[in-house]
Number of protein chains: 2
Amino acid sequence: MPATTETVTSTELAARLRSNVVRLSRRLRRHAASGLSPSLISALAVVARRGPLTPSELADIEDVRRPTATRFVAILENRGLVDRDPDPLDGRSYRVAATARGRVLLAESRTRQGAYLARALSTLEASDLRTLDQALGVLERLLEAGR
Amino acid sequence: MPATTETVTSTELAARLRSNVVRLSRRLRRHAASGLSPSLISALAVVARRGPLTPSELADIEDVRRPTATRFVAILENRGLVDRDPDPLDGRSYRVAATARGRVLLAESRTRQGAYLARALSTLEASDLRTLDQALGVLERLLEAGR
DNA sequence: CCGATCTAGTTAGCTTTACTAACTATACCG
DNA sequence: CGGTATAGTTAGTAAAGCTAACTAGATCGG
């Protein structure tokens, strides 16, 4: 029963959004396949997509503090998913890039059995996927705005 | 009805959804007003809305293990937001209900200044709110289905 | 009715996530 | 060149949620 004509109040929506984010976040962590938590997969995906990044840039994009970015890089490097090259312009820093193995793992985490979320979404109809797609657009703008 | 004729792939959507859940979840925790984390607010809201519940029922609804529900109840009770009455039918258990103070805090957490999320959502247009509303419906079905 | 088993809640201990504060070392500016 | 600003790191802390193991009340078969 889609309440298409009813007014949606933002406070009511806030409560519902919070609950669902909390629950989905639990689910994702519980079903973490490939041995990487949602946070780490997200960080790896950012590094892979947005090319070589300094830890500070990663922290900024992922909306975490720099010590957390340091930890992300350390763990990902430890597993050979990422490597670092000195920054030619700044001796204090370095650039992080995804390794071939990191890219493989990312691809697998999207398509393979282990991908709980992709599997769940694949059961949805096209119209539902479109709805989610649009909602994510809204959410992204919201996150970007409220920094 | 939307001009979007492009196909939305579920694997691509999964990655985007994961990132946004992870980030929003960080935001929510960071902006936790009223001294309650998103998890605890969500638990309190469930107790308030779905009447007196046993810890097991709470655990089931919130999709956590029982020890986690025990902790939720302990913390909420400690802050006077919830109280417990013995279960007349089962001597091992009890029923948890929201106190007046708990309900006040919930109401405040929805409307007041401190409510980061409600404030952010209030800047959106009605059509965006409707999009989110529909997407939450999809998400809820998804979460319910994948138990 | 009684012992065996099942179930609700709890306790203890662990892991992960992410924070702040404080430190090191390099960059930059007057 | 000296002082300040900035990048990354280290250390320590707190919260979330898990599993394993325990306690006590419920339930079921004989």
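The values are calculated or read from the model by the stated rules, or taken from the named source; none is laboratory data. As the structure is a prediction and not an experimental result, all values here were calculated from the model. When we count neighbours, we look across all protein chains shown, and the Cβ atoms used for this are built from the backbone with ideal geometry, even at glycine. For the accessible areas, the whole protein counts, side chains as well, though only heavy atoms, and no ligand, DNA or RNA atoms are used. Shrake-Rupley method; radii C 1.70, N 1.55, O 1.52, S 1.80 Å.
A few points about this structure:
- Of all residues in region A:55-70 being surrounded by fewer than 19 Cβ atoms within 10 Å (Cβ to Cβ) and not in a helix (DSSP H, G or I), the one that is farthest from the other protein chains (Cβ to nearest Cβ): A:Arg65
- Residues satisfying the stated conditions in region A:108-128, i.e. under 14 Å from B:Thr9 (Cα atoms), modelled with pLDDT of 85 or more and in a helix (DSSP H, G or I): A:Leu117, A:Ala118, A:Arg119, A:Ala120, A:Leu121, A:Ser122, A:Ala126, A:Ser127, A:Asp128
- When A:Thr9 is tested against (1) more than 16 Å from DNA strand C (Cβ to nearest atom); (2) loosely packed, with under 14 Cβ neighbours inside 10 Å, exactly one condition is not met: (2).
- Considering (1) modelled with pLDDT of 90 or more; (2) open to solvent by 80 Å² or more (accessible area, probe 1.4 Å), the lone condition that B:Asp133 does not fulfil carries the number (2).
- Of everything listed in (1) touching an Asp or Glu at 6+ places or on another chain (Cβ under 8 Å); (2) at pLDDT below 90, the single unmet condition for B:Leu143 is (2).
- The lone criterion from (1) closer than 27 Å to A:Ala32 by Cα; (2) open to solvent by 30 Å² or more (accessible area, probe 1.4 Å); (3) among the hydroxyl-bearing types (Ser, Thr, Tyr) left unmet by B:Ser25 is number (2).
- Any hit, region B:93-104, residues being out of contact with any helix residue (DSSP H, G or I) (no Cβ under 6 Å at 6 or more places or on another chain), β-branched (Val, Ile, Thr) and away from DNA strand D (no atom under 16 Å from the Cβ): yes
- Residue in region B:57-70 that is under 12 Å from the mean Cα position of the chain (by Cα) and polar (S, T, N, Q) present: no
- A:Leu76 being more than 9 Å from chain B (Cβ to nearest Cβ) and either open to solvent by 50 Å² or more (accessible area, probe 1.4 Å) or in a helix (DSSP H, G or I) (or both): yes
- Per this entry, A:Arg30 is counted among residues that are of a type in the set (D, E, K, R) and closer than 19 Å to B:Pro38 by Cβ.
- Taking region A:82-107 as the range and being within 16 Å of DNA strand C (Cβ to nearest atom), assigned to a strand (DSSP E or B) and not hydrophobic (A, V, I, L, M, F, W, C) as the test, the residues that pass are A:Arg84, A:Asp85, A:Pro86, A:Tyr94, A:Arg95.
- Residues in region B:99-134 that are under 23 Å from B:Arg50 (Cα atoms), over 14 Å from the mean Cα position of the chain (by Cα) and at the interface with chain A (Cβ under 7 Å from one of its Cβ atoms): 3 in all.
- Residue match in region A:36-50 (condition: open to solvent by 20 Å² or more (accessible area, probe 1.4 Å) and more than 14 Å from the chain's Cα centre (by Cα)): no
- Matching entry among B:Ser42, B:Ser37 (being of a type outside the set (A, V, I, L, M), within 27 Å of A:Gly146 (Cβ to Cβ), within 12 Å of chain A (Cβ to nearest Cβ) and more than 13 Å from DNA strand C (Cβ to nearest atom)): B:Ser42
- Hits in region B:87-98 (condition: over 13 Å from B:Pro55 (Cβ atoms) and out of contact with any Leu (no Cβ under 7 Å at 6 or more places or on another chain)): B:Pro88, B:Leu89, B:Gly91
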